[in-house]
1. Could you run the Karplus curve 6.51 cos²θ - 1.76 cosθ + 1.60 with θ = phi - 60° over region 260-267 and give me ³J(HN,Hα) per residue in whole Hz, x for Gly and Pro?
2. Which order do the peptides 136-143, 13-20, 92-99 take when ranked by the mean count of other beta-carbon atoms within 10 Å per residue, highest first?
3. Round to a whole angstrom and tell me the spacing of the C-alpha centers of region 1-50 and region 209-285.
4. Residue by residue through region 101-114, what is 3J(HN,Hα) from phi via Karplus (6.51 cos²θ - 1.76 cosθ + 1.60, θ = phi - 60°)? Round to whole Hz and write x for glycine and proline.
5. Could you give the C-alpha radius of gyration of region 73-116 expressed as a fraction of 2.2 N^0.38 Å, taking N as the number of residues it contains?
Amino acid sequence: MTGFGTGRSRAGDEEISVEVRAVNHKHLEVKVRLPRELSALEPAVLRAVRARCSRGAVDVAVRRSTSTLSGAVPTVDAAMARAWREALRAVARATELADAPSAAQIAGQPGVVRMEEPVTDLAVAEAGLEQALAEALDALVAMREREGRALEADLSTRLARVATLAAEVAALAPRTVEAYRARLQDRVADLLKGASLDEARLVQEVALFAERTDVAEEATRLQAHLQAFRGYLGGNEPAGRRMDFLVQEMHREVNTTGSKSQSTEISTRIVELKAELERVREQVQNVE
């Protein structure tokens, strides 16, 4: 299922903004983009997303800003500065110069002042990230729920059509046997040219045909799959993968019924059933 959500929060000097996007995917796949200084918080982000989503390709983008200095800042190595001060004083004494080293001279020496990233308070950043992420996930889930209600209505309509076609096939199947019996009897009578008809042999042939074309088991299993599908459709738990499996099983029963069919009327409905189930399968890919 698709969706989008944003969240923003402030904790101390930290301002965190989060964008969450989700598109259809067979399984749950989460990608997280964090500022380098917050990379240690990635496991917490993954846990939060997996707690709210069970299917889809989810992309999480986190941005951070702070009211204090950002980027590399100058840092003084005090021990190195004192060492250079003593070294420069020693040079002055050795050369009998009275000049004492100035702060600017000491600061200009190698290793005294270096550029470093400011230390980030992860506890503060995590609190802000947790709040912003929760807000973004709430918006994402709300959007997916709206899409889910539309999908439920569409799938319910399609399931009703599948059930109607399946019932028509089940009703037509016995008529196929009767039609075969009538055709066979007429053909045999025509070939015998008035000779006596072996009724027992005719019954045997009709029984064999009925056994080959019997679709009662397939019809029963198809109805059971439809009932299970409706149960998942009306539930509150993620069931997309289970629905996907049921659609495959329904396809299997319809294909078997079609292979046994000796009736044009049944074959026409089998084609419609396959087309409708394919539409259901496509929609199920959008269900979490």
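None of the figures in this text is laboratory data; all of them are computed from the coordinates on show. Predicted, not measured: the structure shown is a model, and the values here were computed from it. Cβ atoms come from the backbone with ideal geometry, glycine included; neighbour counts cover every protein chain shown.
1. Once rounded to whole Hz, the list reads 8, 5, 10, 10, 5, 4, 5, 4.
2. So the peptides 136-143, 13-20, 92-99, ranked by packing, come out 13-20, 136-143, 92-99.
3. 39 Å
4. These are the phi-based 3J(HN,Hα) values: x, 8, 4, 5, 5, 5, 5, x, 7, x, x, 7, 10, 9 Hz.
5. 1.22
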